[in-house]
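The values are calculated or read from the model by the stated rules, or taken from the named source; none is laboratory data. What you are looking at is a predicted structure, and each value in this text was computed from that prediction instead of being measured. When we count neighbours, we look across all protein chains shown, and the Cβ atoms used for this are built from the backbone with ideal geometry, even at glycine. Calculation scope for accessible area: heavy atoms of the full protein, side chains included, ligands and nucleic acids excluded. Shrake-Rupley method; radii C 1.70, N 1.55, O 1.52, S 1.80 Å.
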Amino acid sequence: MEAYSLLLVQPPMLFAENITQSFGGFDLFDQISFTIADGERVALVGANGAGKTTLLRMLAQEDSPTSGNAGHRVGSLGYLKQEVNFNPRNSLE
């Protein structure tokens, strides 16, 4: 009797496939591809205006790249947004 093993491969947690993001003729990203798997730790660093928030919004599927595909595995993605939606009428008492 032959023994078989089944290898279950999960899709990457986060991915970008040949993404380009352009704003008015300026290419912020040009053909970027990467995957981030479960358990991997990464840091996203760069100067102001380098596109860090834009990239994270694409991974969260809140924005779409000009071309290519970016996103996350099926399910929900939670993160703390850079912008705070503050309503001054709400207060803590």
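Structural remarks
- Identity of the residue in the stretch 15-32, among the small types (Gly, Ala, Ser) and surrounded by 12 or more Cβ atoms within 10 Å (Cβ to Cβ), that ends up nearest to Val74 (Cα to Cα): Ala16
- Ser64 being open to solvent by 70 Å² or more (accessible area, probe 1.4 Å), out of contact with any Gly (no Cβ under 7 Å at 6 or more places or on another chain) and at pLDDT 90 or above: yes
- Selection within the stretch 58-85 - over 16 Å from Phe34 (Cβ atoms) and basic (Lys, Arg): Lys81
Yes/no matrix, rows are residues, columns are (1) open to solvent by less than 70 Å² (accessible area, probe 1.4 Å); (2) in a loop (DSSP other than H, G, I, E, B); (3) modelled with pLDDT under 90:
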{"position": "Phe34", "(1), (2), (3)": "yes, no, no"}
{"position": "Gly39", "(1), (2), (3)": "no, yes, yes"}
{"position": "Leu44", "(1), (2), (3)": "no, yes, no"}
{"position": "Ala50", "(1), (2), (3)": "yes, yes, no"}
{"position": "Thr54", "(1), (2), (3)": "yes, no, no"}
{"position": "Met58", "(1), (2), (3)": "yes, no, no"}
{"position": "Gly71", "(1), (2), (3)": "yes, no, no"}
{"position": "Glu83", "(1), (2), (3)": "no, yes, yes"}
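- Of the set (1) in a loop (DSSP other than H, G, I, E, B); (2) open to solvent by 80 Å² or more (accessible area, probe 1.4 Å), all apply to Pro12 but (2).
- Complete set of residues in the stretch 1-19 that are modelled with pLDDT of 95 or more and either touching a His at 6+ places or on another chain (Cβ under 8 Å) or β-branched (Val, Ile, Thr) (or both): Ile19
- Tally of residues being within 14 Å of the chain's Cα centre (by Cα) and either more than 20 Å from Glu17 (Cβ to Cβ) or touching a residue at least 24 places away in the same chain (Cβ under 8 Å) (or both) across the stretch 60-73: 7
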